[in-house]
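Reviewing the structure listed below.
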Amino acid sequence: MKGNDELKKWENEKEAFVRMKPNLLMQDEYKEKYIAVYQGQIIDCDLDALKLTKRVYEQQGYLPIYFGKVSTKVDVVELDSPEDIVNIL
C-alpha cells in the first residue's frame, strides 16, 4: 500500500531528525529553529514552522518530509494537511 510506504518513509525521516538533534543543538545555525528533513538530510530551516512548511512543500512537492524543532524545550505544533497550509498563506 502506498500509504504504508509513505508512513514508513516519514518515520525514517523522523528517526534521522532524532539522531541529528544532539549535534544540531550545538549549532547556532539550527538551535531553536524548525528544520525540514528529507532523505536523512536537512533541506531547510526557519524560526517559523508554518512558513518553513509552506516553502518546503512548494519547492519539493508533497513528499514524506519530517519537520521538527531543534530545542531542548518540548513544543507541540499541529499543522493541517499540506494543501490546507498552502491555502492559509
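Read the figures in this text as sums done on the coordinates, not as results from a lab. For clarity, every value in this text was computed on a predicted model and none was experimentally measured. Ideal geometry is used to build each Cβ from the backbone, glycine not excepted, and the neighbour counts take in all protein chains shown.
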Worksheet, complete the sentence: The residues Met20, Met26, sorted from fewest to most surrounding Cβ atoms within 10 Å, come out as Met26, Met20
Response to the item:
With the range 1-55 reduced to its Cα atoms and the Debye formula applied, log10 I(q)/I(0) at q = 0.26, 0.29, 0.30 1/Å amounts to -1.06, -1.16, -1.19
Worksheet item: In nm, to one decimal, how far is the Lys9 label point from the Gln27 one, both placed 7 Å along Cα→Cβ?
Response: 2.3 nm
Worksheet item: Which order do Thr72, Thr53 fall in if you start with the one that has the fewest other Cβ atoms within 10 Å?
Response: Thr72, Thr53
Fill in: Packing-based exposure ordering (other Cβ within 10 Å, fewest first) of Arg19, Arg55
Arg19, Arg55
